[in-house]
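Enquirer: Quick one: the structure is below, and I'll ask about it shortly.
The values are calculated or read from the model by the stated rules, or taken from the named source; none is laboratory data. Remember, predicted model here, so these are calculated numbers, not experimental data. Here the Cβ positions follow ideal geometry from the backbone for every residue, glycine too, while neighbour counts run over all protein chains shown.
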Amino acid sequence: MKRSGWASVIASWFCLFAGASSIIVFTFGNFLRALTAEFGWSRGLLSNAFACSALAAAIATPILGWLVDRYGIRRVTLPGIVIGGLAVMTLAANNGSAWVLFVTLPAAGALTVALTALPYTKAITNWFDQRRGLALGIATLGGSIGVAVVPQLTQSVISTYGWRTACIFLGVLVLVVAFVPALIFLHDRERNERADAATVAANTPGFSAHEGRRQWRLWVICAAFLLAAAGASGIIGQLVPLLTDRGVGVENATRMIAVFAIGSAIARMFSGVVLDYVFAPYVGALSFLGGGIGLVLFVTSNNPNLLIVATALCGLSIGVEYDLLPYTVSRYMGMRAYGELVGYCFTCFVIGTGIVGPLMMGNSFSLLGSYNPSLTAFACFLFIAAVLLLTLGPYTYPASRKHE
C-alpha cells in the first residue's frame, strides 16, 4: 500500500468534517429557530425549502459520480469544494423573501455535492480492498466529529453575531478545512497508475454502469438506504425544536446533536473495523434495528435519560450507514462503474435524509401538531430496511486474498 492511500484517508477525513452533512444538514435546526424568529416562516415552509435543497443534491449526486468515473477525483472534487463553499456563503443574502430561500438553498444543496461522501469513498475503495472497511471508518469519522462540532460552533456564531455571519463562517470553514487538505493529500489511484478511462474500465473488476442498473441488488440497496436514512436521520433537522417543545433548554437541546454525532462516530469506527470481518448485511440489519428501537423510545417516553439513549441509537444507526453504503455497493457492484452506481444509492440516501425525513417531520408538526406520527413511521422504515439487507445474499466481489 502506497502512502497515497492513507494520505487520501486523511484528506477525506477533513473534507467530511466540513462536509455537506456538517455544514447544511445538521445545522438546519440552528438556522430554523433564527429564521422563524426573524421572518416568521413556519417550520413546514422551512422543511419544504430544505427538501428542495436535498432534491437538488439528489439530482446532482449521480452526475458527480459519472464525472469522477470519467475525469478522475481531483479534477472534479477540488473545484467542487470551492464552488460549494461559495454557495453556502450566498445563503447570507436572504432578505426575508421565501422565493430567495427556495432559490439559494437548493442551489447550495446541488453545488455542495462535492462535499458529500461519494468522491472520497471512491478514492478510498480504489486504494483499499482487504482493509477497505477500516479505511472507510477512519475517513467517515471526520464527518461524525464535524457533525458534533460544527453545529455547536454555528450556534455560538448565531447567538453572538447572527445567522448571516454564521453562513459566511460555514463557507470559510469549507474553503479552509476541506479544500486545503484535499489539495495536498487527496490522490487518485487510477489516474496515477493507469493511462486513460478506457484502460481503467478494462482492468477494473465490476459491472459496467449499464450492467449495474440491471442488477436487482442495486435497487434493493437503494431502497434499504432510503428508508434507513429517512428513519435514522429524519429527526435531526427538528431535534432542537422537538426537545425544546418538551421543555429542554435550547443550549441543552443543541448539545443533543453532539450526542447523536458521538453515537455516529462510535458506529463509524466500530463498523469500519467490523465490516472487514463480518458480513455487511448482518452489521446493517443490527444497527437499523437499534435505530428503530431508539425511535420507539422517542414516541413512548419523555424521560431525559431515555431521550439521550434514543438520540444515541439513531446516531449509531446513521453512523453505520455512512460506512455500510459504499462498502456494500463495492462488494456487490464492484469498482468498474463505482462512482455512477454508488451515486444512485447516495441519491436515495439524500432523498431519505433531506426530503422524506424532513418533510414528514416538519409537516407532521404543522398539520397534526405532533412529531409522533412521523417518528412511528420512521421506526417502521428502519425495521423494513433491516429485512431488505438480509435478502442480498453472498458478495459478488468479495475481498481478495492479496496482501495490501
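Enquirer: Hey, does the range 23-43 have a residue that's aromatic (Phe, Trp, Tyr), within 18 Å of Leu115 (Cβ to Cβ) and at pLDDT 85 or above?
Expert: yes
Enquirer: Pick out, from the range 132-218, the helices (runs of 4 or more DSSP H) lying fully within it that include 1 or more residues that are touching a Lys or Arg at 6+ places or on another chain (Cβ under 6 Å) and either buried (at least 16 other Cβ atoms within 10 Å of the Cβ) or modelled with pLDDT under 90 (or both). So that I can check it myself, show each step before the final result.
Expert: Values: elements: 132-161, 163-173, 179-185, 189-193, 197-203, 209-213.
Those helices (runs of 4 or more DSSP H) span 132-161, 197-203.
Enquirer: If you don't mind, there's one more thing I want to ask. What residue, of Leu375, Leu382, is within 30 Å of Tyr277 (Cα to Cα), assigned to a helix (DSSP H, G or I), in contact (Cβ under 8 Å) with a residue 60 or more places away in the chain and touching a helix residue (DSSP H, G or I) at 6+ places or on another chain (Cβ under 7 Å)?
Expert: Leu382
Enquirer: So which residues in the range 82-100 are assigned to a helix (DSSP H, G or I) and surrounded by fewer than 24 Cβ atoms within 10 Å (Cβ to Cβ), if there are any at all?
Expert: Correct list: Val82, Ile83, Leu86, Ala87, Met89, Thr90, Leu91, Ala92, Ala93, Ala98, Trp99, Val100.
Enquirer: So, one more: Given the condition in contact with a His (Cβ under 6 Å, 6 or more places away or on another chain) and either among the acidic types (Asp, Glu) or buried (at least 23 other Cβ atoms within 10 Å of the Cβ) (or both), answer yes or no: does some residue in the range 4-14 qualify?
Expert: The answer is yes, given that some residue of the range 4-14 is in contact with a His (Cβ under 6 Å, 6 or more places away or on another chain) and either among the acidic types (Asp, Glu) or buried (at least 23 other Cβ atoms within 10 Å of the Cβ) (or both).
Enquirer: Among the residues of the range 385-396, is there at least one that is under 20 Å from Asn126 (Cβ atoms) and in contact with a strand residue (DSSP E or B) (Cβ under 8 Å, 6 or more places away or on another chain)?
Expert: Yes, the range 385-396 contains a residue that is under 20 Å from Asn126 (Cβ atoms) and in contact with a strand residue (DSSP E or B) (Cβ under 8 Å, 6 or more places away or on another chain).
Enquirer: Sticking with this one: Does Ala209 qualify as being hydrophobic (A, V, I, L, M, F, W, C), in contact with a helix residue (DSSP H, G or I) (Cβ under 6 Å, 6 or more places away or on another chain) and under 26 Å from Gly142 (Cβ atoms)?
Expert: So Ala209 fails the test.
Enquirer: One residue is enough: does the range 354-371 have a residue meeting the conditions part of a helix (DSSP H, G or I), modelled with pLDDT of 90 or more and in contact with a helix residue (DSSP H, G or I) (Cβ under 8 Å, 6 or more places away or on another chain)?
Expert: No, every residue in the range 354-371 fails to be part of a helix (DSSP H, G or I), modelled with pLDDT of 90 or more and in contact with a helix residue (DSSP H, G or I) (Cβ under 8 Å, 6 or more places away or on another chain).
Enquirer: Return the total of residues in the range 1-53 being over 19 Å from Thr254 (Cβ atoms) and assigned to a helix (DSSP H, G or I).
Expert: Residues flagged as over 19 Å from Thr254 (Cβ atoms) and assigned to a helix (DSSP H, G or I) within the range 1-53 amount to 23.
Enquirer: Another one. Regarding Leu388, is this residue of a type outside the set (S, T, N, Q), under 15 Å from Ile236 (Cα atoms) and over 14 Å from the mean Cα position of the chain (by Cα)?
Expert: Details: of a type outside the set (S, T, N, Q): yes; under 15 Å from Ile236 (Cα atoms): no; over 14 Å from the mean Cα position of the chain (by Cα): yes.
No.
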